[in-house]
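**Q** What follows is a single structure, and I will ask about it in a moment.
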Amino acid sequence: MITSIAHTTIYVLNQEEALDFYKNKLGFEVGDDMKIEGDFRWLTVYPKSKPQTQLVLAEPKEGPMFTKDAAEKIRSLIEEGAFGAGVFETGNCQKTYEELVAKDVKFIQPPTEQLYGVEAMGLDNSGNWFSLVQR
Amino acid sequence: MATSYKFERLNIGRDYIANNYQAPLSLSGIAKCSYMSPYHFLRVFKDTYGETPNEFLIRLRVEQAKKMLITGDFSVSEICEQVGYTSLGSFSSLFLRQVGVAPTVYRRKLWALSGEAYRFPSQVIPACYAYNFLGKLAN
């Protein structure tokens, strides 16, 4: 039986800028930030109350995973807003939304009643969509 | 689980630990930052984050020590001091308990695995990522 998700990837345009966004705007904590041989930066963040689930902030770069062309396409798709970063939960959507707006986080939908709770939709600084949900 | 307001107060205490983990910290001092009694802070912290403030503090210190052991040429005594411990013996046995090997053994093993000086070897990250980003398969 699989019991939880330990790591999931969010592709970002610039790791340093994404780190600033997720840490200083969304209030996440840094899990790992280490240089791996070959100059690869392993960078993870997590919401304070859930250290068990780490988001890997990775840049699409030419390498074993992507050709140069594929990496450029992914970067372009991120900029176009083609990817979602996931659903972030909060105890109070309206309040968190206001706090994040005050920190210049962009939203494309304000808090709205949905069947499953109150949800706002925002963008990270790379262009990835995320939902902010209060259940 | 803490209410939204209590969660914010808890986060202040948690941030205080994260920002001052190198210094001697007391539960009562940290709890004061969150405007809670030590016992209440301890209970709500554990309920909310799944670890006690002390477990969180130890985790931060050990993670920092691991980084310093690999990415620098510091002695174990220097690392011990810089991550907030005054007794080398206590630090070494704590590291052994948390990581499974003594600090010097940890350094020796990881340096031997890494092909590059002062870099973590690919084996410290999940194999699927090591393969995807570095083209390395686990041994």
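The values are calculated or read from the model by the stated rules, or taken from the named source; none is laboratory data. From a predicted model like this one, the values you see are computed outputs, not experimental measurements. Backbone-built Cβ (ideal geometry, glycine too); neighbour counts: all protein chains shown.
**Q** Please specify each residue of segment A:72-102 satisfying the condition of being of a type in the set (Gly, Ala, Ser) and modelled with pLDDT under 95.
**A** Of segment A:72-102, the ones of a type in the set (Gly, Ala, Ser) are A:76, A:81-82, A:84-86, A:91, A:102.
Passing the criteria: A:GLY81, A:ALA82, A:GLY84, A:ALA85, A:GLY86, A:GLY91.
**Q** Within segment B:1-58, can you find the residues that are under 15 Å from the mean Cα position of the chain (by Cα), of a type in the set (A, V, I, L, M) and either in a loop (DSSP other than H, G, I, E, B) or buried (at least 17 other Cβ atoms within 10 Å of the Cβ) (or both)?
**A** B:ILE17, B:ALA23, B:LEU25, B:LEU57, B:ILE58 - these are the residues of segment B:1-58 that are under 15 Å from the mean Cα position of the chain (by Cα), of a type in the set (A, V, I, L, M) and either in a loop (DSSP other than H, G, I, E, B) or buried (at least 17 other Cβ atoms within 10 Å of the Cβ) (or both).
**Q** Which of the numbered conditions does B:LYS67 fail, given that it passes all the others? Conditions: (1) in a helix (DSSP H, G or I); (2) out of contact with any strand residue (DSSP E or B) (no Cβ under 7 Å at 6 or more places or on another chain); (3) within 12 Å of chain A (Cβ to nearest Cβ).
**A** Result: B:LYS67 passes all but (2).
**Q** Pull up segment B:92-135, narrow it to residues that are part of a helix (DSSP H, G or I) and of a type in the set (Gly, Ala, Ser), then point me to the one that is farthest from the other protein chains (Cβ to nearest Cβ).
**A** B:SER93
**Q** Would a scan of segment A:23-31 turn up a residue that is within 15 Å of A:ASP124 (Cα to Cα), within 14 Å of chain B (Cβ to nearest Cβ), part of a loop (DSSP other than H, G, I, E, B) and without any contact (Cβ under 8 Å) to a residue 24 or more places away in the chain?
**A** Scanning segment A:23-31, I find at least one residue that is within 15 Å of A:ASP124 (Cα to Cα), within 14 Å of chain B (Cβ to nearest Cβ), part of a loop (DSSP other than H, G, I, E, B) and without any contact (Cβ under 8 Å) to a residue 24 or more places away in the chain, so the answer is yes.
**Q** Sticking with this structure for a sec: For residues in segment A:32-49 being in contact with a strand residue (DSSP E or B) (Cβ under 9 Å, 6 or more places away or on another chain) and either among the charged types (D, E, K, R) or within 19 Å of A:ASP104 (Cβ to Cβ) (or both), which is farthest from the other protein chains (Cβ to nearest Cβ)?
**A** Among those residues, the one meeting the criterion is A:VAL45.
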